[in-house]
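The values are calculated or read from the model by the stated rules, or taken from the named source; none is laboratory data. Bear in mind the structure is a predicted one, so any value in this text is a computation, not a measurement. Backbone-built Cβ (ideal geometry, glycine too); neighbour counts: all protein chains shown.
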Amino acid sequence: MFLSTTLDPIVALVSLMAILIILLGLFLRKIKQPYIIGYILVGAFLGEHGMGFIKDAETIKHLGEIGIILLLFFIGMEISLLELVKKWKIAAIGTTLQVIISVLVLMGIGYFLNWKIERSIIMGFVISLSSSAIIIKLLEDKNLINSKIGKNVLSILLTQDIIVVPLLIIASLLGGEPEPIESILLMSVGGVLIILTLFYLYKKREIKLPFSDKIKKDHELQVFLAILMCFGGALLASLFGLSPALGAFIGGMVMHSAKSTDWIHNTLHSFRVLFVAFFFISVGLQINFMFIYNNMITIAEVLIAVYIINHIINAVILKLFSCTWKEALVGGALLSQIGELSFLLSFSAYSMNVIGNYAYNFTISLISLTLIISPFYIGLTEKLTQRKSEKTIE
């Protein structure tokens, strides 16, 4: 009776969440799989379509968005702009080809399934975007961020984050609700400012931050300066209608140029772990087990098709840009899932009646499942390519 009257539901939920993550994390570590899978499964278990413990999914989603901002900020701090510029061809051409080929393939499939042309195009957009959150986390865990394949994959992921803006504009046109000219102009100005910022960093090579000397040994002020650089960049990007995560990435690159990455890493690392976990929990919250069960065969067929299509397209693109076949196949696997930005595209299309309720739920289920399966699929591809290499050497 005492517990039932004094137990705080938020405290109980956080405690339960932590217990489940620890138990699943220990199991996943034993089978050498990333904790990301555990976060998604915990969200699915606790969510509305699971045990129903989490009622306020929107709050978890917002906390998850903070995690993505922090993740991209940290990646920006680890990236050399000089190296990134060298990869512009694979980033621009590769991403464009990925979108065009995906749309053409889905238009072909849609023709036989009697889909509307608008639905086929939107679905092509959806499957063409990979998961920055999943892949960047995996590249970090595998120490591949600064490898050749890591840099190639990262350049494509970042370009996809940028290209989602014109894809959303096209989606709005397909829905008969053209994007206001003011929004388009604002996005364009934001894009120009980002390019100018990158050009400035490229030319200067190294910059000096205001007050950096005065707070060198002041840990408390370092926390708030780090937060300002991260979320200040995210805020500026969102003011121009661009992805906040993209703004945080630029903020991270500014910190890289200022040679201030060590103390920021120590200051914000724990925050990043916590909020990135919230992001993947929010993905799990959207999984509807009953819908998946009722459409199991269709979802499985499309799931296999998505992995095959994305793997082949990305592997060929990477091979065309100086990767070996082994690197291209692993890179294709890394980019073969559907990304978190596709949730945004799907919701946009749904809200404008380009896709209906069934297609929306189907797409959400498909995206969520590809995120869960992705680490296993990548691991299997790595093992197969490694075994092939060993046989070739023998």
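Here are the numbers for this structure:
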quantity	calculated
Looking only at the range 118-135, and only at residues there that are in a helix (DSSP H, G or I) and within 8 Å of the chain's Cα centre (by Cα), the one that is modelled with the highest pLDDT	135
Test result for residue 364, at pLDDT 85 or above and surrounded by fewer than 24 Cβ atoms within 10 Å (Cβ to Cβ)	no
Residues located in the range 91-117, provided they are surrounded by 18 or more Cβ atoms within 10 Å (Cβ to Cβ) and in a helix (DSSP H, G or I)	91, 94, 95, 98, 99, 101, 102, 103, 105, 106, 110
So residue 336, is it outside any helix (DSSP H, G or I), among the polar types (S, T, N, Q) and surrounded by fewer than 21 Cβ atoms within 10 Å (Cβ to Cβ)	no
Cβ pairs under 7 Å, 6+ apart, first in the range 217-236 and surrounded by fewer than 19 Cβ atoms within 10 Å (Cβ to Cβ), second not in a helix (DSSP H, G or I) and not small (Gly, Ala, Ser)	221/215
Some residue of the range 268-275 being among the hydroxyl-bearing types (Ser, Thr, Tyr), closer than 30 Å to residue 358 by Cα, modelled with pLDDT under 85 and exposed (fewer than 13 other Cβ atoms within 10 Å of the Cβ)	no
Looking only at the range 175-190, and only at residues there that are surrounded by 18 or more Cβ atoms within 10 Å (Cβ to Cβ) and in a helix (DSSP H, G or I), the one that is modelled with the lowest pLDDT	187
Contacts under 6 angstrom Cβ, first residue in the range 126-139 being over 14 Å from residue 349 (Cβ atoms), partner of a type in the set (S, T, N, Q) and assigned to a loop (DSSP other than H, G, I, E, B), 6 or more apart	131/337
Residue check for residue 140: modelled with pLDDT under 75, of a type outside the set (S, T, N, Q) and surrounded by 12 or more Cβ atoms within 10 Å (Cβ to Cβ)	no
